[in-house]
Amino acid sequence: MVEDRPSRIVVGIGNPGPDYSGTRHNLGFQVVERVAEDLGLKLGRPFGTTRKVGKSRWALGRGPAGTFLLLQPLTYVNLTGKAVARAAAWTGAPAEAIFVVCDDMNLPLGRIRIRPRGSHGGHKGLLSVGNSLRTWEFPRLRMGIGKPPPGEEVDFVLGRFLPEEEPLADKMVGEAARAVSEFLQGEALESLMNRYNAG
């Protein structure tokens, strides 16, 4: 029934497959996986569900704010919006209830920023989501990965963190996962911004 469908969606942006696991561009995937683990949920691809959520790994859960959907689009970053739009159409969730988590080269490593809306800022995944939803009025949590040298952006985002960067990156994933969990519990976005944007 419609009332049992998720009222909140969390989307982790990333690329599918072992070649991309652990890369800077897959921080969104890591956060969704951490949240699922913390909540005892299993991300999967149940047979016959592509019509509902597109080409994705996903899990349904329930919290104080109602049923929610954790989503890992398997469409590659540039086509993230296809799966997000499919999930939005199935659930009926408005754009402001779709929380998108991604990496960001414009933030220092370890810094997270939550915003209720905004442009894509050069991120191909956010660009795809905005174009597919036909609105930029969706909240997003951006995770800083630092700035690469000019001309090395692609190799940088598809590369893995250096050993000395890993502790800070892991701490950032933990903070982002806590923010996402609080969003799923019904925490107001303004409260999350006040709490997590201060660092």
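Read-outs throughout are calculated quantities, based only on the coordinates presented, and are distinct from any laboratory measurement. Quick caveat, the model's predicted, so the values are computed rather than measured. Please note: Cβ atoms are built from the backbone with ideal geometry, for glycine as well, and neighbour counts cover all protein chains shown.
Short to long, the 10 Å bins of the Cα pair-distance histogram for the chain hold 9, 40, 38, 11, 1, 0 percent of all pairs. The helix-only estimate of mean residue ellipticity at 222 nm for the chain, built from DSSP H runs of length n ≥ 4 each weighted as -39500 (n - 2.57), is -10500 deg cm²/dmol after division by the residue total. What FRET efficiency comes out for the pair residue 117/residue 168, r = Cβ-Cβ distance, R0 = 45 Å, nearest 0.05? It comes to 0.95. Taking the DSSP beta bridges with both ends in the chain, the antiparallel portion is around 50 percent. If I take R0 = 35 Å and measure r between the Cβ atoms of residue 96 and residue 152 in this structure, what FRET efficiency does the formula 1/(1 + (r/R0)^6) give, to the nearest 0.05? So, using R0 = 35 Å, E works out to roughly 0.50. For the pair residue 50 and residue 188, label points projected 7 Å from Cα toward Cβ lie 4.3 nm apart. Positive end of the charge dipole of the range 1-134 (Lys, Arg +1 and Asp, Glu -1 on Cβ, about the Cα centre): tell me which of 100, 25, 79 has its Cα farthest that way. Ranked along the dipole, the leading option is 79. Each Lys and Arg contributes +1 and each Asp and Glu -1, all at the Cβ; summed about the Cα centre of the chain, the dipole is approximately 680 debye. Residue by residue, the range 74-80 carries 3J(HN,Hα) couplings of 9, 9, 6, 3, 5, 10, 3 Hz when phi is fed to the Karplus relation 6.51 cos²θ - 1.76 cosθ + 1.60 (θ = phi - 60°); x denotes Gly or Pro.
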